[in-house]
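Novice: Below are the structure tokens for one structure; questions will follow.
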Amino acid sequence: MNQEQGKVSDVVYRRVRRDYETKSNELERKAAPLKERARQEYAKLKSLLDRLQSQHTATKLDREEVDFRHRLGEFANGDYDKKVKELDGKLAEQEDQLAEIGEVRTRFVDAFDSEEELAAAPAPAPPPAPPEPAPAPVAKGPAAKAPMFDPSAVTAPQPIEPVPAPAPAAPERTAAPPVPPPQPPPTDGTVILPPESPAPAPPAAAASETPAGRTVVLTLAKLVAVDTDLGAAEFPLQPLSFIGRTPDNQVRLNKPAVSRRHAQITQTDKGWAIKDLQSENGSYVNGEKIGERPLADGDRVQIGTVRLVFKLG
């Protein structure tokens, strides 16, 4: 569906995706009680398997001890053979039971995505998807045309406010620098700040800051939600944006798999970059788990289980 997204309009894509999500959520709700019952039975099976493995290990140690005592001359041949036969029979019986339980365990695991999901606490059933909003009424008449997209579904990105420049030191007995003529506003989503006046030399700790007189370029960027149940289709990014589950994040993703402060996206002099903040479920870019890496226009970003697309402009 993601591969075909660019071949259809956004309204059609969201409508079809919502239909699939509704069916998927309905299946999850039906499967929830069955999965819970399977987890309860698997817990009993796992307890039995652990107990049998412990008994099998103890029997193997008993067998090893009998061999050792026999080599030390403690048993006559008849007694040794009797004990070995008894322990070997017990080992064979335990191994048959372990193999049988292992087959049943495999059937349980195959019904889930992984053994971790089978052993984990059940996740809450997903809520039903909200109904598709009714289309706006179209005025009748020969000049009336059907809208190509739903304007209410598009959230305009918030512009980044220019960073105020520090006040320059007053020059001594020199003429003020000429004021550059105003530049026309850019149309590609870029904010260009005017050059700063000459400033005193910065301290050593701030040597990496933008030198005086350099033009600072801030490129607008945003995260576009792939999933439709986040409550917002787009998340405009600031030069430093935190991503997490709590309201104090610039990009709030209120999902159980998202940590309270999950990741951060920053704009550097080399472009935009994302960094995972030691989250529990990890951050991914184009399907690869990351610690920190740069972002390019169109990169697919996954925060926990939430899928987004990084867009410039």
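Novice: Mind checking which residues of segment 100-114 are open to solvent by less than 60 Å² (accessible area, probe 1.4 Å) and either free of Cβ contacts under 8 Å to residues at least 60 places away in the same chain or touching a Cys at 6+ places or on another chain (Cβ under 6 Å) (or both)?
Specialist: Those that are open to solvent by less than 60 Å² (accessible area, probe 1.4 Å) and either free of Cβ contacts under 8 Å to residues at least 60 places away in the same chain or touching a Cys at 6+ places or on another chain (Cβ under 6 Å) (or both): Ile101, Gly102, Val104, Val109, Ser114.
Novice: Looking only at segment 1-23, count how many residues are touching a residue at least 40 places away in the same chain (Cβ under 8 Å) and assigned to a helix (DSSP H, G or I).
Specialist: 8
Novice: Now for a different question. Test Thr22 against the stated conditions and say whether it is touching a helix residue (DSSP H, G or I) at 6+ places or on another chain (Cβ under 7 Å) and either farther than 30 Å from Thr228 by Cβ or modelled with pLDDT of 90 or more (or both).
Specialist: No: the conditions fail for Thr22.
Novice: For segment 299-313, give me each residue that is assigned to a loop (DSSP other than H, G, I, E, B) and at pLDDT 95 or above.
Specialist: Within segment 299-313, Asp299 is the sole residue that qualifies.
Novice: Would you check which residues across segment 229-251 are acidic (Asp, Glu) and either part of a strand (DSSP E or B) or open to solvent by less than 70 Å² (accessible area, probe 1.4 Å) (or both) and list them?
Specialist: Glu234
Novice: Given the criterion over 42 Å from the mean Cα position of the chain (by Cα), in a helix (DSSP H, G or I) and surrounded by 14 or more Cβ atoms within 10 Å (Cβ to Cβ), identify the matching residue among Lys90, Lys46, Lys82.
Specialist: Just a single option satisfies the conditions, and that option is Lys90.
Novice: Read through the list (1) open to solvent by less than 80 Å² (accessible area, probe 1.4 Å); (2) modelled with pLDDT of 85 or more; (3) not in a loop (DSSP other than H, G, I, E, B), then give the number of the only condition that Glu95 fails.
Specialist: With respect to (1) open to solvent by less than 80 Å² (accessible area, probe 1.4 Å); (2) modelled with pLDDT of 85 or more; (3) not in a loop (DSSP other than H, G, I, E, B), Glu95 is out only on (1).
Novice: For segment 54-71, indicate whether the set of residues that are under 25 Å from Glu115 (Cβ atoms) and free of Cβ contacts under 8 Å to residues at least 24 places away in the same chain is non-empty.
Specialist: yes
Novice: Still on this structure, I have one more. Working carefully through the options Val224, Val258, Val191, Val217, find the one that is open to solvent by less than 80 Å² (accessible area, probe 1.4 Å), modelled with pLDDT under 50 and either closer than 22 Å to Lys311 by Cβ or under 23 Å from the mean Cα position of the chain (by Cα) (or both).
Specialist: Val191
Novice: Hey, among Ala273, Ala263, which residue is in contact with an Asp or Glu (Cβ under 8 Å, 6 or more places away or on another chain), within 20 Å of Leu312 (Cα to Cα), buried (at least 17 other Cβ atoms within 10 Å of the Cβ) and modelled with pLDDT of 95 or more?
Specialist: Ala263
Novice: Shifting gears a bit: Hey, can you tell me all the residues within segment 49-79 that are aliphatic (A, V, I, L, M) and open to solvent by less than 90 Å² (accessible area, probe 1.4 Å)?
Specialist: Matches in segment 49-79: Leu49, Leu52, Ala58, Val66, Ala76.
Novice: Continuing with the same structure: Have a look at Tyr42, Tyr13 and point out the one that is of a type in the set (Phe, Trp, Tyr) and modelled with pLDDT of 90 or more.
Specialist: Tyr13
The values are calculated or read from the model by the stated rules, or taken from the named source; none is laboratory data. Every value quoted in this text rests on a predicted model; they were computed, and no experiment measured them. All Cβ positions, even for glycine, are placed from backbone atoms using ideal geometry, and neighbour counts span all protein chains on display. Side chains are part of the model used for accessible areas, which takes the heavy atoms of the whole protein and leaves out ligands, DNA and RNA. Shrake-Rupley method; radii C 1.70, N 1.55, O 1.52, S 1.80 Å.
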